[in-house]
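For reference, the structure is listed below as structure tokens.
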Amino acid sequence: MAEPDIEVLTTQLLKGDRRAAAKLITIVENDPDAVKRVISRIYKNTGKAQIVGITGPPGSGKSTLINQLASYLRQKGRTVGIIAVDASSPFGGGAFLGDRIRMKDITTDKGIFIRSMATRGCKGGIARATGDAIKILDALGYDIILVETAGAGEAEVDIMNASHTTIVITVPGLGDDIQANKAGMMEIADLFVVNKADREGADIVVYEIESMFRFTDKRGWKPPVLKTAVIEAIGISELAERIDEHFNYLKENDLIGERLKRRVEMEIANIAKEVMVRELEEIRKSEAYKKLIEEIIEKKTDPHSAADEIMMMVKARYIEK
Ligand SMILES: Nc1nc2c(ncn2[C@@H]2O[C@H](COP(=O)(O)OP(=O)(O)OP(=O)(O)O)[C@@H](O)[C@H]2O)c(=O)[nH]1
Ligand SMILES: [Mg+2]
């Protein structure tokens, strides 16, 4: 996309234009070369939104919970952005329609923005693109951003690290393999939700999680364990309260800055890695690269010296842009 388009779109974004936000997210997903131009124009306007990550096994009710929570927050007058990473279930469906407290149509309500992002087809890594999409919605001026991801892969953990509050959902009656997965999830959780409490066994799961945290209160925050039946919106208002409570805890203890620092440290390393890999892939297609291979075979140079040369090429290519 041409430079002026990005300038126009970012200007519109900062004025609160949702359509500009949608277009810019498409750009950061598909055009790694344009990302820098987008983010550098809006970065100063980020840092205001409250970011909440929601993760948990497939089918645990993440999308339903987000639908209900978004509906609740809208009733409280807050603007809500939703980003769903690789979510198999669509948003704005049954949960909203079945909501007893009728809310405005999700597509016409200007205070809500929903976006799905697919791992496949996303150029340059889903964690980076999701981080950039969060920044775009933040710069749009939305109060709270809810991010859904499934599973506990490396990318998902990176995405969760972009949140102020990470909610880990679990449900009664999961298999052993999923239970084993829980250890990794435990570490990133600020808040646990045992969903589908309308089913048998929820109390046992609550007890299990609580007993794991009995002695680990060093952070000064003991992750609460909430029971919900989000399909009926049961537990949603308490969940909303606890999310804000955790955000206030971060603010009061100067932990927002600390989390930001940790995130930025990781983020710039990932971006630099992404840029280097991308440039390297281009260089591998070049004549100069083929020539280097020949020179190594002819013993005119060696692989390590050649790699140094390649690093110089990466740098030269990047500076040129
Ligand atoms: N009984 C019961 N069913 C629920 C509850 N919450 C969600 N469900 C159902 O569980 C199924 C999965 O819900 P989703 O919200 O799509 O779950 P998800 O975690 O987003 O699923 P993926 O995006 O596929 O990982 C749907 O059929 C929901 O209606 C609940 O509190 N109780
Ligand atoms: Mg989902």
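The values are calculated or read from the model by the stated rules, or taken from the named source; none is laboratory data. Predicted, not measured: the structure shown is a model, and the values here were computed from it. Methodologically, a virtual Cβ is constructed for each residue, glycine included, from the backbone with ideal geometry; neighbour enumeration extends over all protein chains shown. What goes into the accessible areas is simple: the full protein's heavy atoms, side chains included, and nothing from ligands, DNA or RNA. Shrake-Rupley method; radii C 1.70, N 1.55, O 1.52, S 1.80 Å.
Electrostatic tally near residue 204: other residues with Cβ closer than 12 Å to its Cβ, Lys and Arg +1, Asp and Glu -1, net -2. Centroid-to-centroid, using Cα positions, segment 1-71 and segment 256-321 are 28 Å apart. Computed from backbone phi, the HN-Hα couplings of segment 255-267 come to 9, 4, x, 5, 5, 4, 4, 4, 5, 5, 4, 6, 4 Hz, rounded to whole numbers (Karplus: 6.51 cos²θ - 1.76 cosθ + 1.60, θ = phi - 60°; Gly and Pro given as x). Couplings 3J(HN,Hα) for segment 11-20, derived from phi with the Karplus relation 6.51 cos²θ - 1.76 cosθ + 1.60 (θ = phi - 60°), are 5, 4, 4, 5, 8, x, 7, 5, 5, 5 Hz, where x marks Gly and Pro.
Heavy-atom accessible surface of segment 268-320, averaged per residue, reaches 76 Å², computed with a 1.4 Å probe. Residue 305 contributes about 50 Å² of solvent-accessible surface, heavy atoms of the protein only, 1.4 Å probe. Going by accessible surface with a 1.4 Å probe and the largest first, 289, 318, 142 read 318, 289, 142.
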